[in-house]
Amino acid sequence: MAEQLLYEGKAKKVFATDEEGVLVHRYKDAATAFNAQKRGSWKDKGRTNATVSSTIFAYLEAHGVLTHFVEQVDEAAIKTRKLEMLPIEVVVRNIAAGSLAKRLGYEEGTKLKAPIVELCYKDDDLGDPMVNWYHFRELGVSDEDLEFCEELGLKVNEILTPFFDERGVTLVDFKIEVGRDDDGRLMLADEISPDTCRFWDKETGEKLDKDRFRRDMGGLVEAYTEVARRLGIMNEMENVATKGPKLVQ
Ligand code: ADP
């Protein structure tokens, strides 16, 4: 399969393929934080995230969420539908952490009364600022698309919160992205992984996500691998290539 690099992001390389309307996302070992001011790289991070994200997308598809996921093609690469992305990062929060704890003056770990949805304008140069519906209208995004984003964020949260809870992980918050296919259908895109979620161990509160890097805590790959293990997708990293993503029912 001939692959032509279309875009290199901070965490993935996106390739065109011979198949019409199909992309390959190749997950990198690199990580960035604080709008790419902080950088690092870890062996195995790419394939762990690709496999975790594939498993979560397959689970969401099986639970009625339309996504861009087609299949995992190798341990670090995923085939997806090619979409026109909305310039939006949808953040859903169940527990106060990071910027929300600062914004509301809450202690980190405070359980929210109900999930909070935040919409951010996806623009690296601006640092992905949180903006409101008026700003998005100014930027040319329709109310229908904004409503879809908020509803999708809440639906994904409703499905994934118990999914992780049953596996001993608290879903603190997460970020998703949305895109539109050639037929005009909006769907879930990008990735869902320890890079894009806050995961806390349900019993100990230990962080199993990118905050380990943001806060110089160490043990990043071990934490990401633990998330994969809790999802039942890899007992040993060596198994990933042959096993591929397993659909967890
Ligand atoms: P970033 O540098 O923005 O963090 P990544 O390294 O994650 O990005 O690269 C992935 C890029 O591909 C992002 O810009 C994301 O919006 C985009 N993308 C994700 N899913 C799709 C898709 N199905 N079709 C087209 N673009 C996508």
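The values are calculated or read from the model by the stated rules, or taken from the named source; none is laboratory data. All figures in this text were calculated on a predicted structure; none of them were measured in a lab. Here Cβ is always computed from backbone atoms with ideal geometry, including for glycine, and neighbour counts include all displayed protein chains. We work out accessible area using only protein heavy atoms, side chains counted, and drop any ligands, DNA or RNA first. Shrake-Rupley method; radii C 1.70, N 1.55, O 1.52, S 1.80 Å.
Residue count for the stretch 173-186, restricted to those that are open to solvent by less than 30 Å² (accessible area, probe 1.4 Å) and more than 8 Å from the ligand (Cβ to nearest atom): 6.
Within the stretch 3-27, the set of residues being within 12 Å of the ligand (Cβ to nearest atom) and open to solvent by 40 Å² or more (accessible area, probe 1.4 Å) comprises Leu5, Leu6, Tyr7, Glu8, Lys10, Lys13, Arg26.
Output the residues belonging to the stretch 134-163 that are of a type in the set (Val, Ile, Thr) and over 26 Å from Tyr59 (Cβ atoms).
Val141
When we screen Asn49, Asn94 for residues that are within 15 Å of Lys13 (Cα to Cα), in contact with a helix residue (DSSP H, G or I) (Cβ under 9 Å, 6 or more places away or on another chain) and open to solvent by less than 50 Å² (accessible area, probe 1.4 Å), the only hit is Asn49. Asn235 meets all of the listed conditions (1) more than 16 Å from the chain's Cα centre (by Cα); (2) open to solvent by 30 Å² or more (accessible area, probe 1.4 Å); (3) modelled with pLDDT of 95 or more but one, namely (3). Here Gly109 does not qualify as open to solvent by less than 20 Å² (accessible area, probe 1.4 Å), modelled with pLDDT of 95 or more and at positive phi. From Lys102, Lys111, which residue is under 24 Å from Phe34 (Cα atoms) and among the basic types (Lys, Arg)? Just one listed residue meets the conditions, Lys102. Take Glu166 and decide whether it is open to solvent by 40 Å² or more (accessible area, probe 1.4 Å), over 19 Å from Tyr59 (Cα atoms) and either modelled with pLDDT of 95 or more or in contact with a helix residue (DSSP H, G or I) (Cβ under 8 Å, 6 or more places away or on another chain) (or both). Against the criterion (open to solvent by 40 Å² or more (accessible area, probe 1.4 Å), over 19 Å from Tyr59 (Cα atoms) and either modelled with pLDDT of 95 or more or in contact with a helix residue (DSSP H, G or I) (Cβ under 8 Å, 6 or more places away or on another chain) (or both)), Glu166 does not qualify. A count restricted to the stretch 188-213 and to residues that are within 15 Å of the ligand (Cβ to nearest atom) and not in a helix (DSSP H, G or I) stands at 11. Does any residue of the stretch 85-96 turn out to be more than 16 Å from the ligand (Cβ to nearest atom), of a type in the set (D, E, K, R) and in contact with an Asp or Glu (Cβ under 9 Å, 6 or more places away or on another chain)? Within the stretch 85-96, one or more residues are more than 16 Å from the ligand (Cβ to nearest atom), of a type in the set (D, E, K, R) and in contact with an Asp or Glu (Cβ under 9 Å, 6 or more places away or on another chain). Does Val221 satisfy the criteria of being within 16 Å of the ligand (Cβ to nearest atom), in a helix (DSSP H, G or I), in contact with a helix residue (DSSP H, G or I) (Cβ under 7 Å, 6 or more places away or on another chain) and β-branched (Val, Ile, Thr)? Against the criterion (within 16 Å of the ligand (Cβ to nearest atom), in a helix (DSSP H, G or I), in contact with a helix residue (DSSP H, G or I) (Cβ under 7 Å, 6 or more places away or on another chain) and β-branched (Val, Ile, Thr)), Val221 does not qualify. There is at least one residue in the stretch 138-147 that is open to solvent by 60 Å² or more (accessible area, probe 1.4 Å), under 17 Å from Asp128 (Cβ atoms) and either among the β-branched types (Val, Ile, Thr) or within 16 Å of the ligand (Cβ to nearest atom) (or both). Ser41 falls short on exactly one of the conditions (1) more than 12 Å from the ligand (Cβ to nearest atom); (2) of a type in the set (S, T, N, Q); (3) more than 26 Å from Met234 (Cβ to Cβ), and that condition is (3). Considering only the stretch 53-62, I want to know if a residue exists there that is more than 23 Å from Asp211 (Cβ to Cβ), open to solvent by 40 Å² or more (accessible area, probe 1.4 Å), modelled with pLDDT of 95 or more and of a type outside the set (Phe, Trp, Tyr). Checked against the condition, which is being more than 23 Å from Asp211 (Cβ to Cβ), open to solvent by 40 Å² or more (accessible area, probe 1.4 Å), modelled with pLDDT of 95 or more and of a type outside the set (Phe, Trp, Tyr), the stretch 53-62 yields at least one hit.
Exactly one residue among Arg215, Arg185, Arg180, Arg198 is over 27 Å from Leu152 (Cβ atoms) and charged (D, E, K, R), and that residue is Arg215. Yes or no: the stretch 63-81 includes at least one residue that is within 13 Å of the ligand (Cβ to nearest atom), charged (D, E, K, R) and in contact with a His (Cβ under 9 Å, 6 or more places away or on another chain). Checking the stretch 63-81: at least one residue is within 13 Å of the ligand (Cβ to nearest atom), charged (D, E, K, R) and in contact with a His (Cβ under 9 Å, 6 or more places away or on another chain).
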